[in-house]
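All remarks here apply to the structure that follows.
Any read-out appearing in this document is the output of simple, stated calculations on the displayed coordinates, not a laboratory observation. Since this is a predicted model, take the numbers as computed values, not measurements. Every residue, glycine as well, gets a Cβ built from its backbone with ideal geometry; the counts of neighbours run over all protein chains shown.
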């Protein structure tokens, strides 16, 4: 059976895919927006914005930039038109990093709205600010770093490792 390429996917299957490769500058632009939003949440004490932050991460984990306002802004305006830069990097580590961001956002939401622990939620958000800032301003993706170790330890499938090592691979393994 022939593999289905990204160009041949339709409907929900096309919607619920994460891009590979990813533009590094678009990813860093999203991280900068996450950094700013998280700082605003903490500094202005606006915990309801955690829902916006959480939605953005969930949308990016499930669909890449397709349903994420930050993702769309980064991929359609900031990286191609304002920065005018592109650098292809592997998609799976970036999706893993978005999953970590989603986890931090959900933990912060549960701390605020489940337990009333705003200070603890902001501490969790502070860690997210640190890592988003490293990605945005230094180019260090902590989630990608951890993903690399998970690959080395054999906790990530060989098919995913092959995709990460080959940025021109367009066929989805096992699809």
If one compares the long axis through the Cα atoms of helix 91-109 with the longest principal axis of the Cα atoms of the chain, the angle in degrees, nearest 10, works out at 20
How high is the relative contact order of the chain, in percent, with contacts defined as C-alpha pairs under 8 Å that are six or more residues apart? 33
With 10 angstrom as the radius, rank 159, 24, 135 by how many other C-beta atoms surround their C-beta, starting from the fewest. 159, 24, 135
Out of 55, 113, 122, a Gaussian network model of the chain with alpha-carbon springs under 10 Å gives the largest mean-square fluctuation to 113
Note to self, the chain gives a 222 nm [θ] from helices alone (DSSP H runs n ≥ 4, -39500 (n - 2.57) apiece, / all residues, nearest 500) of -17500 deg cm²/dmol
Going by how many other beta carbons lie within 10 Å of each one, how would you line up 86, 105, fewest first? 86, 105
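Quick one: pull the percentage of alpha-carbon pairs in region 13-165 with a separation above 19 Å.
Here the long-distance tail beyond 19 Å is 52 percent of all Cα pairs in region 13-165.
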I want to verify a result. In a Gaussian network model of the chain, Cα cutoff 10 Å, which of these has the top mean-square fluctuation: 97, 88, 121? 88
As I understand it, the value is the acute angle between the Cα axis of helix 142-152 and the longest principal axis of the Cα atoms of the chain; what does it come to in degrees, rounded to 10? 40
Would you mind checking the tilt of helix 118-133 against the longest principal axis of the Cα atoms of the chain, expressed as 0 to 90 degrees and rounded to 10? 40
